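Before any comments, here is the structure.
The values are calculated or read from the model by the stated rules, or taken from the named source; none is laboratory data. These numbers come from a predicted model, not from an experiment. Every residue, glycine among them, receives a Cβ derived from its backbone with ideal geometry; neighbour counts consider all protein chains shown.
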Amino acid sequence: MKFTSAFFAGLIILLCVPLALCAAEAGEELVREILGDSDPRLSRDPAAMVTVRDIRYVLPESVDRAWVESLIDVKQGARLSVAGLDRLIARSRRKLEATRQFGGVNVYALPPVKDPRERTVVVEASAGFWFGFYCWPWDVGVSFNHLFRADKAVSLTLGLDTQEVIYYDPALGYSPFYLLLDLYNVIAPYEGKYLDDTLGAVLRFGVNLTENVALYADSAIACHFFPDSYFLFPGIAADLSDAEREALGIARPRVLLRESLGLALNFFRPYDDNRVGLKGYVSGSLFIALDDPATSYFSINSDLKLLFVPADWLILMLRNTAGVHPVRTYGYQRYDVGSMYRGVPRVSPVDVVDVVRAEASLRNLPPLSLLGVRILDILPFVFADFLRAWESPDGIDWADVWGGVETCLGGGVYLHLRTLFNMYVTLGASVSPANGDAFRFFYKFSLDLY
Amino acid sequence: MKLLLFVPFLLLGAAGPLGAEGNGDLERLQGEAARLEAALAEAPGDHDLLLAAGRIQYDLGAFFGASSGREAAARLEAAYLIDRDPVTKAFLGAAYAYAAGSAGDYLARLDLARRAMRCADEAAAERPDDPLVRLLRAEGSYFLPDMFERSRTADADLEYLFARYQADRQCFAGLFDPALVFYVKARMSVKERLMDQAYRYALAGRKIAADDFVKRRLAEFLKGFEE
């Protein structure tokens, strides 16, 4: 039997955790022994009722305090249980962290020094790095996260195949509503035959219903330029001749203008004490082809991800992604289902697609350290995709719809490089056993500068 | 607003003149440091003098923010070169850590932190059962930036000291006041924003403190919680 580093890491953790738990008692036992139970200020009865006497903010000068206040669920004068206050404090901290506007966030209650029935809550945030950078091999993006006193963001992507500007207002008028405006131009291969250029805009209006559930509506307009020109990159085009069009089987060129209206529900339940997480969305969209109403259609997508952490060193994920698409949907698809089924061959175009992904990843492997400083975390992962698709070519009755299962197996490694900047790299490869030539590599790279 | 001033002051490791008693300690330490410097001018190679001067400079920085830590490190480096003793090395580690926490320059901070961790870990490896070495490593961990993730090391050291004290209340006799362990734990708790825990450990420490200097440090620490 070969013992891997993961095996030893697991063994060490299994041995250390009980020791640490035992050791952690010594200090607490001493404190209890020295102080006794007489002092009511030291009581930690979770059911005890307390009043929030004051909330104090320690914020960078560049941050709008009213915006931060709008994100804090604890209200001055509120009367609630100690456990309830702890929950609100944890929720407020997560909401502040989720804005990604700060380098560090702390929300905590001070111990009740004078009156055990009162609490003072402190909200602390330190300024983060104002810019975010990201890149793909041929796209480079930069985002500025502190527009107008930190509560708005704008990002810009400049690349060979994607040019995009996104404006994001995470709390309209300090309300739960938010706004996103996305202007983009994307050039993408279509069925490996030619490139499709899509110019579009998305206006998203959303509301954060609860801490973990968001509801939003999209209105998008997209202009698809079919290959009357062969776009290599913007500004340079080469016309296709009639003979070339005929050889490629492409109809006479035209421009399609499409409007879509969509509604989506996102929800997220983070890891809790049971080490289970649930994340998902359901969305529906109505696409209207302004130039050809006959091709208007409705699509629906759903994504459900169940995460389970049975041990500190292992994460299991089961994910189901399903979508209903019309025949031959052209152009820019922003849904996960699109990117997932492209990983499996011979299924495009499709009407209905359902992908089940099972994934396991190891964590808490011994990190790579240099001169005593932790510089690289390594998380290997493996996955298996099982895809079922129902294809319905034009003119064929639903009774004749084809159904089949495709599989795709893969694995890779997730690297977190903790240098001066946080750098995240995903490298991997996948293979589809049913199709020997469908071996492919994938990669992802991103950078945090704060 | 007293507490809000107090929290960053604790995180910086600078105690500052909070009261007449604190000022008295500061002046006493400064006077002692001046006396040792004068003695060192006459005997620059004296190991004991160098060690004492380094420890005083470290206390001035760690408790009062009245020294950058580099003065302490310079004295302790010289002392360590004369006698490669693990306790001196542990003091040197703590001095480097304090200097790293107060250094403005990022690269200098990284370099000092690296030295601090190496000294503290090597000293603890040489003398794992020495309470002073373990206490100094925990103190040093407090000053190091969060990115080095030393809070677990400090917690392990402090729990080791608590377990020793629980088994034998005289185990630190002649080395340091046991309340100092509670004080370091309380400061670590503030760093992690566990305010209830910080308050309880500081109260417990104040209750058992015998040494006047430690008593005053704990009293000043607890003042921060009183509005």
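Give me the residue from segment A:52-65 that is at pLDDT below 85 and out of contact with any Ser or Thr (no Cβ under 8 Å at 6 or more places or on another chain) and, out of that set, farthest from A:T120 (Cα to Cα). Steps first, answer last, please.
If we filter segment A:52-65 for residues that are at pLDDT below 85, which is where we start, we get A:60-64.
Next, only the ones that are out of contact with any Ser or Thr (no Cβ under 8 Å at 6 or more places or on another chain) stay: A:61-64.
On the way: A:E61: 22, A:S62: 24, A:V63: 22, A:D64: 21 Å.
By that ranking, first place goes to A:S62.
Does at least one position in segment B:119-141 carry a residue that is of a type in the set (A, V, I, L, M, F, W, C), farther than 18 Å from B:L175 by Cβ and not in a helix (DSSP H, G or I)? No; the residues of segment B:119-141 include none that is of a type in the set (A, V, I, L, M, F, W, C), farther than 18 Å from B:L175 by Cβ and not in a helix (DSSP H, G or I).
Of the residues examined, B:A202 is one that is free of Cβ contacts under 8 Å to residues at least 24 places away in the same chain, under 18 Å from the mean Cα position of the chain (by Cα), crowded, with 18+ Cβ neighbours inside 10 Å and assigned to a helix (DSSP H, G or I). For segment B:180-199, a residue qualifies if it is at pLDDT 90 or above, touching a Ser or Thr at 6+ places or on another chain (Cβ under 7 Å) and more than 9 Å from chain A (Cβ to nearest Cβ), and exactly one does: B:M188.
Return yes or no: is B:R187 in contact (Cβ under 8 Å) with a residue 24 or more places away in the chain, part of a helix (DSSP H, G or I) and of a type outside the set (V, I, T)? Yes, satisfied. I'd like to know if segment A:307-319 contains one or more residues that are in contact with a strand residue (DSSP E or B) (Cβ under 9 Å, 6 or more places away or on another chain), under 26 Å from A:T162 (Cβ atoms) and modelled with pLDDT of 55 or more. Scanning segment A:307-319 turns up at least one residue that is in contact with a strand residue (DSSP E or B) (Cβ under 9 Å, 6 or more places away or on another chain), under 26 Å from A:T162 (Cβ atoms) and modelled with pLDDT of 55 or more. Taking the criterion of being modelled with pLDDT of 85 or more, farther than 30 Å from A:A311 by Cα and not in a strand (DSSP E or B), would at least one residue in segment A:91-111 satisfy it? Checked segment A:91-111: at least one residue is modelled with pLDDT of 85 or more, farther than 30 Å from A:A311 by Cα and not in a strand (DSSP E or B). Filtering segment A:91-112 to residues that are within 12 Å of chain B (Cβ to nearest Cβ) and free of Cβ contacts under 8 Å to residues at least 40 places away in the same chain leaves A:R93, A:G104, A:V105, A:N106, A:V107, A:Y108, A:A109, A:L110. If the Cβ limit is 7 Å and pairs must be 6+ apart or interchain, which residue in segment B:89-117 that is outside any helix (DSSP H, G or I) pairs with which residue that is of a type outside the set (S, T, N, Q)? Within 7 Å, the pairs are B:A103/B:R109; B:A103/B:L112.
Can you name every residue in segment B:27-69 that is of a type in the set (S, T, N, Q) and assigned to a loop (DSSP other than H, G, I, E, B)? Lay out the reasoning, then the answer.
Of all residues in segment B:27-69, those of a type in the set (S, T, N, Q) come to B:30, B:57, B:67-68.
Selection gives B:S67, B:S68.
Can you say whether B:P128 is over 26 Å from A:I89 (Cβ atoms) and either out of contact with any Cys (no Cβ under 6 Å at 6 or more places or on another chain) or not polar (S, T, N, Q) (or both), as far as the supplied structure shows? Yes; evaluated as a whole, the condition is true for this residue.
Let's see how each residue does on (1) away from every other protein chain (no Cβ under 11 Å); (2) small (G, A, S); (3) closer than 21 Å to A:V107 by Cα:
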residue	(1), (2), (3)
B:L158	no, no, no
B:A167	no, yes, no
B:P178	no, no, no
B:K207	no, no, no
B:E220	yes, no, no
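State whether the residues of segment B:142-151 include one that is at the interface with chain A (Cβ under 9 Å from one of its Cβ atoms) and not in a helix (DSSP H, G or I). Within segment B:142-151 (the criterion being at the interface with chain A (Cβ under 9 Å from one of its Cβ atoms) and not in a helix (DSSP H, G or I)), the answer is yes, since at least one residue qualifies.
Right, A:V31: more than 9 Å from chain B (Cβ to nearest Cβ), surrounded by 14 or more Cβ atoms within 10 Å (Cβ to Cβ) and at pLDDT 75 or above or not? For A:V31, the condition - more than 9 Å from chain B (Cβ to nearest Cβ), surrounded by 14 or more Cβ atoms within 10 Å (Cβ to Cβ) and at pLDDT 75 or above - is not met.
Scanning segment A:170-180 for residues that are at pLDDT 80 or above and within 18 Å of the chain's Cα centre (by Cα) yields A:Y178, A:L179, A:L180. Within the option set B:R127, B:R109, B:R134, being farther than 19 Å from B:A66 by Cα and under 18 Å from the mean Cα position of the chain (by Cα) holds for one residue only, B:R134.
All of B:A94, B:A113, B:A99 fail the test of being within 12 Å of chain A (Cβ to nearest Cβ), of a type in the set (A, V, I, L, M, F, W, C) and out of contact with any His (no Cβ under 9 Å at 6 or more places or on another chain), apart from B:A113. Of all the criteria given as (1) at pLDDT 90 or above; (2) within 17 Å of B:L194 (Cα to Cα), the one not satisfied by A:R41 is (1).
Would you confirm whether any residue within segment A:116-123 is modelled with pLDDT of 90 or more, in a strand (DSSP E or B) and more than 14 Å from chain B (Cβ to nearest Cβ)? No, every residue in segment A:116-123 fails to be modelled with pLDDT of 90 or more, in a strand (DSSP E or B) and more than 14 Å from chain B (Cβ to nearest Cβ). Taken over segment B:116-141, the criterion of being at the interface with another protein chain (Cβ under 10 Å from one of its Cβ atoms) and of a type in the set (K, R) is satisfied by B:R118 alone.
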